[in-house]
Amino acid sequence: MHTKGTTSKFGVIEHYRKYLPVTESTPVVSLGEGTTPLISCPRLSKRVGRAVFVKNEGANPTGSFKDRGMTVAVSKAIERAAKVLICASTGNTSASAAAYAARAGISCAVILPAGKIATGKLLQAFAYEAKIVAIDGNFDDALRLVRELGQGGDFVIVNSINPDRIAGQKTAAFEIVDDLGDAPDFHLLPVGNAGNITAYWAGYREYHVFGNSTKLPAMIGFQAAGAAPIFYNRLIEKPETVASAIRIGNPASWKQALAAITESHGAIDVVSDEEILAAQTWLARHEGIFVEPASAASIAGLFKCCDSKEAAYSFRKIPEQSCIVCTVTGNGLKDPDVIVARVKELKSVPATVNEVRRVVGL
Ligand code: F0G
């Protein structure tokens, strides 16, 4: 089913039509993505001594930022009479592509690194009934296969090497400027295949050119320490990190990410798995925002900028009156595996008031 939406502002295409590569005849495939909350975070702001907002992209229809790009990529694919979509994924792209393909009524093949996809994301691909191919290889191998398969006429690639994906994802920057009334001073986000940092930077620049903001933010990207090709400036053949969404050793938008960082006077840095998991727990415990480990890389990075002299972008360079936005890219329920271990330790007690009081500590 192709839909024009139930209201004129249903989804990012209707919201930001004039900035997107669509025409009146493009069939809009939407699930009501975008308009995600930009959350003012008092405890996080106090912890780092600067005003911090969290852009919660886990609030999108399939639980990640990918939906913004997917609505545009799938709408354009339908306009061009595509029959089958294809993508490589660490989990979120495949969940989103499968959902939007289902919404459009076409089929979708997802190529995944076997055994490396977080449980919730794999469940999504099954629920939307994608054609799932698990390969003996990592994400970079999957993307190589997708590039090859895309050269024939059978498949339309919906990875972020498709410019329609980047066009859709830049709407997150538009929303931030619309909510704040201007661009922030610093924008922190996780980096994997590097499409999102590319898209945000394009969005901030475009809105600035249109006169919707007076300034541009410094873009600061964070990679997981075991999967940090851009930071180390070399391919990583066997990337490893608990943040499976960003376990990528050869990012497709490497050059564009470097351009975003250089042009914006930003930086690229790394955070360890321990720092990522600590930040995930901190954000859930102190701000009520539960994100997946890859998403917590931006918060771990914020803490690193604030706490460590080693940081590529130490807070000595971030004035106290700065406005900082951190994007958290995906919902915590997608990647429950680390927390499930803690859930398993839960023991039942006799159903008495005294026992409840004892366990609660009151
Ligand atoms: N955060 C999450 C939750 C992701 O799923 C991804 C990428 C990123 C951050 C990094 O964004 O690739 O644009 O730099 N996930 C892709 C996928 C690779 O297949 O779902 P990026």
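Where does each of Ser264, Ser272, Ser25 land when they are ordered by accessible area, with a 1.4 Å probe and the largest first?
My answer, sorted largest first, is Ser25, Ser272, Ser264.
Report in % the part of the accessible area of the chain that belongs to carbon and sulfur, leaving out ligands and nucleic acids; probe 1.4 Å.
56
Please give the Cα centre distance for the range 163-203 versus the range 96-134, rounded to the nearest Å.
Going from one Cα centre to the other spans 25 Å.
Suppose accessible area is computed on protein heavy atoms with a 1.4 Å probe; arrange Glu355, Glu275 from highest to lowest.
I get Glu275, Glu355, largest accessible area first.
What value, in deg cm²/dmol to 500, does the helix sum -39500 (n - 2.57) over DSSP H runs of n ≥ 4 give at 222 nm once divided by the residues of the chain?
Estimated from H runs of four or more residues: -12500 deg cm²/dmol.
Compute, for Tyr128, the solvent-accessible surface of its heavy atoms (probe 1.4 Å) with the complete set of protein chains present, and express it in square angstrom to the nearest 10.
Solvent-accessible area, nearest 10 Å²: 80 Å².
Arg234 accessible area, nearest 10 Å², 1.4 Å probe?
Near enough 130 Å² of accessible area.
Can you tell me the accessible area per residue over the chain, all protein chains present, probe 1.4 angstrom, in square angstrom?
43
Could you tally the net charge around Leu302, taking each other residue with its Cβ under 10 Å from the Cβ of Leu302, Lys/Arg +1 and Asp/Glu -1? Write out the running numbers ahead of the final one.
On the way: positive: Arg47, Arg50, Lys304; negative: Asp307.
Overall, the nearby charge balance is +2.
May I ask for the distance between the Cα centers of the range 21-63 and the range 334-362, given as a whole number of Å?
Between the Cα centre of the range 21-63 and that of the range 334-362, the gap is 32 Å.
What are the ³J(HN,Hα) couplings of the range 105-120, residue after residue, when phi is run through the Karplus curve with 6.51, -1.76, 1.60 and θ = phi - 60°? Round to Hz, x for glycine and proline.
x, 10, 9, 9, 9, 10, 9, 10, x, 4, x, 10, 9, 4, 3, x
Suppose accessible area is computed on protein heavy atoms with a 1.4 Å probe; arrange His187, His15, His265 from highest to lowest.
Listed by decreasing accessible area, they come as His265, His15, His187.
Which entries in the list Lys46/Lys317; Lys238/Lys317; Lys83/Lys238 go over 22 Å, if you measure between the two C-alpha atoms of each? The partial results should precede the final answer.
On the way: Lys46/Lys317 18 Å; Lys238/Lys317 34 Å; Lys83/Lys238 34 Å.
Beyond 22 Å between Cα atoms: Lys238/Lys317; Lys83/Lys238.
The values are calculated or read from the model by the stated rules, or taken from the named source; none is laboratory data. Fair warning: this is a prediction, and the values are worked out from it, not measured in the lab. All Cβ positions, even for glycine, are placed from backbone atoms using ideal geometry, and neighbour counts span all protein chains on display. To get the accessible areas, we keep the full protein, side chains included, count just its heavy atoms, and leave off ligands, DNA and RNA. Shrake-Rupley method; radii C 1.70, N 1.55, O 1.52, S 1.80 Å.
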